[in-house]
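Novice: I'd like to ask some things about the structure below.
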Amino acid sequence: MPFEQSVSWWCYEVRGIDEKDLLREIKAIGYSAVELVPRHKFSLVRDHGLRIAAHQLHVPLEQGISHPKYWDDIQRQAEASLRMAQEWDIPYLICFSGNREGLDDQRGAENAIRHLAQLAKSAESAGITLVLELLNSKVNHPDYMCDTTAWGQQVVSAVNSPRARLLYDIYHMQVMEGDIIQTIRDNHQWIAYYHTAGVPGRHEIDASQELNYAAISRAIAETGFGGYLGQEFLPTADWRSALREAFEICSV
């Protein structure tokens, strides 16, 4: 398999699944990492032989790099997050555009470029890759600015740092714009991380939903991608079977 697969912690935490049971199953299936794990759970993850693939650079996602009024707080959070990532060998930190709040997209992009360029310099020194997440503003994150591939690509390409890339969330971009495989082929050089989930509903990535994840995974592999594809769906039935099936579908 040319790329690694990880599991988003929050999708199972919300169901109250036993943590050790979850981690044992993740490891047994063949996943190499988990992501978005609370800081106080880091040691537990490592004790189960798994890596922490990604964490947030800053929160909340509604207050992001497109607005100067949040820059000082984001910078403070970023300094702490970069130190944490180095300490725990976390290769990716997720950053967010934030909501529009009445700001037009072009001015928001200009602001985001300036701020991400500053953050990328620190990330380069730390050896950590920042990934700007693409989210849908139609269903899950109303008013979020980085809601199209074109907007995200405009920002990271202008920053032009190997440590500033996109987190291409397949679920979110199917909701917003579709044309997933061609978009990946056209923009893969700007993408350092992928997320999955079924459409509609954000559930299992099996045949009950509209995306062909086997074909999508092959397209990702054909670009030479060697990072992480994070399973970020909310299982509706047996979570063990869902995780195993997802891993097999995306193993190309």
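The values are calculated or read from the model by the stated rules, or taken from the named source; none is laboratory data. From a predicted model like this one, the values you see are computed outputs, not experimental measurements. Virtual Cβ from ideal backbone geometry, glycine too; neighbours counted across all protein chains shown. Just the protein is used for accessible areas: all its heavy atoms, side chains included, with ligands, DNA and RNA removed. Shrake-Rupley method; radii C 1.70, N 1.55, O 1.52, S 1.80 Å.
Novice: Condition test on Glu87, is it surrounded by 15 or more Cβ atoms within 10 Å (Cβ to Cβ) and on the phi < 0 side of the Ramachandran plot? Walk me through it before giving the result.
Specialist: Values: surrounded by 15 or more Cβ atoms within 10 Å (Cβ to Cβ): no; on the phi < 0 side of the Ramachandran plot: yes.
Judged against the criteria, Glu87 is not a match.
Novice: Then there's this: Any residue at all in the stretch 240-252 that's at pLDDT below 95 and either open to solvent by less than 60 Å² (accessible area, probe 1.4 Å) or in contact with a helix residue (DSSP H, G or I) (Cβ under 6 Å, 6 or more places away or on another chain) (or both)?
Specialist: yes
Novice: Of the residues that sit in the stretch 148-164 and are free of Cβ contacts under 8 Å to residues at least 40 places away in the same chain and in a loop (DSSP other than H, G, I, E, B), which one is most open to solvent (accessible area, probe 1.4 Å)?
Specialist: Looking at residues that are free of Cβ contacts under 8 Å to residues at least 40 places away in the same chain and in a loop (DSSP other than H, G, I, E, B), I get Asn160.
Novice: Moving to a separate point now. Given the condition of a type outside the set (Gly, Ala, Ser) and more than 26 Å from Leu22 (Cβ to Cβ), answer yes or no: does some residue in the stretch 191-211 qualify?
Specialist: yes
Novice: What single numbered condition from (1) open to solvent by 20 Å² or more (accessible area, probe 1.4 Å); (2) free of Cβ contacts under 8 Å to residues at least 40 places away in the same chain; (3) assigned to a loop (DSSP other than H, G, I, E, B); (4) not hydroxyl-bearing (Ser, Thr, Tyr) fails to hold for Gln189?
Specialist: (3)
Novice: Having 2 or more residues that are small (Gly, Ala, Ser) is the bar; report the strands (runs of 3 or more DSSP E) wholly within the stretch 1-106 that clear it. Give the steps one after another, and end with the answer.
Specialist: Working: elements: 4-8, 33-35, 51-56, 92-95.
Passing ranges, in order: 4-8, 51-56.
Novice: Moving to a separate point now. From Leu93, Leu82, Leu57, Leu116, which residue is touching a Cys at 6+ places or on another chain (Cβ under 6 Å), aliphatic (A, V, I, L, M) and closer than 21 Å to Tyr194 by Cα?
Specialist: Going through Leu93, Leu82, Leu57, Leu116 in turn, just one is touching a Cys at 6+ places or on another chain (Cβ under 6 Å), aliphatic (A, V, I, L, M) and closer than 21 Å to Tyr194 by Cα: Leu57.
Each row is one residue, and each column tells you yes or no for (1) at pLDDT below 95; (2) loosely packed, with under 13 Cβ neighbours inside 10 Å.
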position	(1), (2)
Tyr12	no, no
Ile17	yes, no
Asp21	no, yes
Ala33	no, no
Leu36	no, no
Gln56	no, no
Pro60	no, yes
Ala80	no, yes
Leu116	no, no
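Novice: Take the residues in the stretch 123-137 that are over 14 Å from Gly152 (Cβ atoms) and buried (at least 16 other Cβ atoms within 10 Å of the Cβ), then tell me which one is nearest to the chain's Cα centre (by Cα).
Specialist: Out of the qualifying residues, it is Thr129.
Every residue, every condition in (1) closer than 27 Å to His115 by Cβ; (2) in contact with a Cys (Cβ under 8 Å, 6 or more places away or on another chain); (3) of a type outside the set (Gly, Ala, Ser), yes or no:
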site	(1), (2), (3)
Trp10	yes, no, yes
Gly16	no, no, no
Lys20	no, no, yes
Ala28	no, no, no
Gln63	yes, no, yes
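Novice: Within the stretch 165-183, can you find the residues that are open to solvent by 30 Å² or more (accessible area, probe 1.4 Å) and without any contact (Cβ under 8 Å) to a residue 12 or more places away in the chain?
Specialist: Hits for the stretch 165-183 are Asp179, Gln182.
Novice: Kindly indicate whether Ala126 is more than 26 Å from Ala219 (Cβ to Cβ) and touching a Leu at 6+ places or on another chain (Cβ under 6 Å).
Specialist: yes
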